Amino acid sequence: MDFRREALTTLAAEVRSGKRTARELVTHALERIESLNPQVNAFVALDADGALEAAARIDEAVTGGEDPGPLAGIPIGVKDLDDAAGFVTSNGSAVFAGGPAAVDDSPLVARLRAAGCVVVGKTNTPELGWKADTDNLTFGPTCNPWNLAYSPGGSSGGAAAAIASGMVPLATGSDGGGSIRIPSSCCGLSGIKPSLGRVPQGGDHGSDWPDLSTKGPMARRVADVVTALDVAVGPDPTDIFSLPRPEASWPAALEGAQLPSKVAWSPTLGYAPLDDEVRALCEDAVGRIKSLGTEVVEIEVIFEEDPVRDWLTLAVAYNWRTLAPYRHTEMWAKVDPLLAAQIDWAAEHLSALDIVAAQDACHNLNLRLVELFRDVRLLLTPTCAGSPPPRSLEGQGLINGEVEANWARFTYPFNMTRSPAASVCVGLTSNGLPVGIQLVGPQHADLVVIRSAAALEAAIGFDDVAPI
């Protein structure tokens, strides 16, 4: 069995029919984790006994003629920024790692469990999900299954590495600045960031990054992500940003999936350097799009300047809110020094007007997209400006051989605009590392993005798996 070669619908259907058992799937996941996690460090917490007990309940339901759900028996990892009952939500931080276990699931985890998924453990993340590299002082670095000397990206790097190495076929992620799309690109997955509010956050406490971050399932291919999204999307009364379902069946929306008749391609968005090899791989994918009959309009400048300062204003303010109670305690010494420095700076210099100005910047970025989408239906960009960086660079990346701190700078504008966006793998670099292209849709046009991503995935035909 190789989770990377079998569709979620096939695995779940075999469990529901009795051809396979949920215990078989969960046992395979646990064996794969035991074998590979010491090298990859994708999982930071496991509950093997609890997972096997949950699998047994699903098998008993099948034997008794009950339907345990459309994702029956699917083992999943939960990103360690997300609550899963019985597990500590450490947020990749020593500040929270010693806390009590969560009593309840987040809405996303609850919906996946209700559909038949089995939580086997928590996946690694940088502290508070603050950077594009999955490393923290509490659990250490996660490695890229394509090459263990390289980063899987972040902040959902533990989830992406777990999927790319075949530990689990499905995991939860979140994306406040690219945290689903970046690791999907780095690990050869098709990743989807839904519109803000499409997958509700809610629960008994507010979102950590309320104006930027959206949660969503992660898997190897678009169809698997959409299968999981089908049970995850929809409003929740505890989430004031949650959106209604745009479609009764999300998988049905993939039938006959095709790209729009006219799309825009912007290699740099107007402000970013781009690695030559990344550009070549993405432009080859753009050529395939043209061969399918889609008109591609190249647009040099989408945004006049890099919006990173405004994005950082919001992100740092949110992390300041989370860690403020610990700033003047002995726990502060256990916070990532760079993260602590950002928050110390914010506490001294950031004002309410700065935060409101950053929110205004989000509005203005979206106005530019409204103008763009009057003429085209989809925007294509590289997912990252560089390929997956060596872990030795400690979070920095490489662009044409030069060290670059902000090597993943194409994703965060579309958190600011709340746009639906996806990343599809376009191939491997000369040293065998995956590269993704990003697809961005109009406001709330999630179905346009997933249909286009599915069509592009099929046209490219990339089907390699990590050599691990």
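Any read-out appearing in this document is the output of simple, stated calculations on the displayed coordinates, not a laboratory observation. From a predicted model like this one, the values you see are computed outputs, not experimental measurements. Virtual Cβ from ideal backbone geometry, glycine too; neighbours counted across all protein chains shown.
Key figures
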| quantity | calculated |
| --- | --- |
| Qualifying residue in the range 128-148 (condition: small (Gly, Ala, Ser), closer than 23 Å to Ser195 by Cα and not in a loop (DSSP other than H, G, I, E, B)) | yes |
| Any hit, the range 437-452, residues being crowded, with 22+ Cβ neighbours inside 10 Å, touching a residue at least 40 places away in the same chain (Cβ under 8 Å) and closer than 30 Å to Leu36 by Cα | yes |
| Selected residue [closer than 20 Å to Gly177 by Cα, within 15 Å of the chain's Cα centre (by Cα) and surrounded by fewer than 24 Cβ atoms within 10 Å (Cβ to Cβ)] from Leu212, Leu196 | Leu212 |
| The range 81-93 residues that are touching a residue at least 24 places away in the same chain (Cβ under 8 Å) and farther than 14 Å from Asp104 by Cα, paired with ones that are outside any loop (DSSP other than H, G, I, E, B) and among the acidic types (Asp, Glu) (beta carbon under 9 Å, 6 or more apart) | Asn91/Glu127; Gly92/Glu127; Ser93/Glu127 |
| Residue match in the range 411-429 (condition: in contact with a Leu (Cβ under 9 Å, 6 or more places away or on another chain) and either farther than 28 Å from Val449 by Cβ or acidic (Asp, Glu) (or both)) | no |
| Criterion: under 24 Å from Leu108 (Cα atoms) and under 21 Å from the mean Cα position of the chain (by Cα) - qualifying residue of Val26, Val44 | Val44 |
| Filter result for the condition that a residue is assigned to a loop (DSSP other than H, G, I, E, B), of a type outside the set (Ser, Thr, Tyr) and closer than 18 Å to Gly153 by Cβ, over Gly178, Gly256, Gly202, Gly270 | Gly178 |
| Val263 being more than 24 Å from Gln359 (Cβ to Cβ), out of contact with any Leu (no Cβ under 9 Å at 6 or more places or on another chain) and not in a helix (DSSP H, G or I) | no |
| Selection within the range 197-226 - touching a Lys or Arg at 6+ places or on another chain (Cβ under 7 Å) and more than 25 Å from Thr322 (Cα to Cα) | Arg220 |
| Among residues of the range 215-239, those that are in contact with a Ser or Thr (Cβ under 7 Å, 6 or more places away or on another chain), within 25 Å of Asn366 (Cβ to Cβ) and surrounded by fewer than 24 Cβ atoms within 10 Å (Cβ to Cβ), counted | 2 |
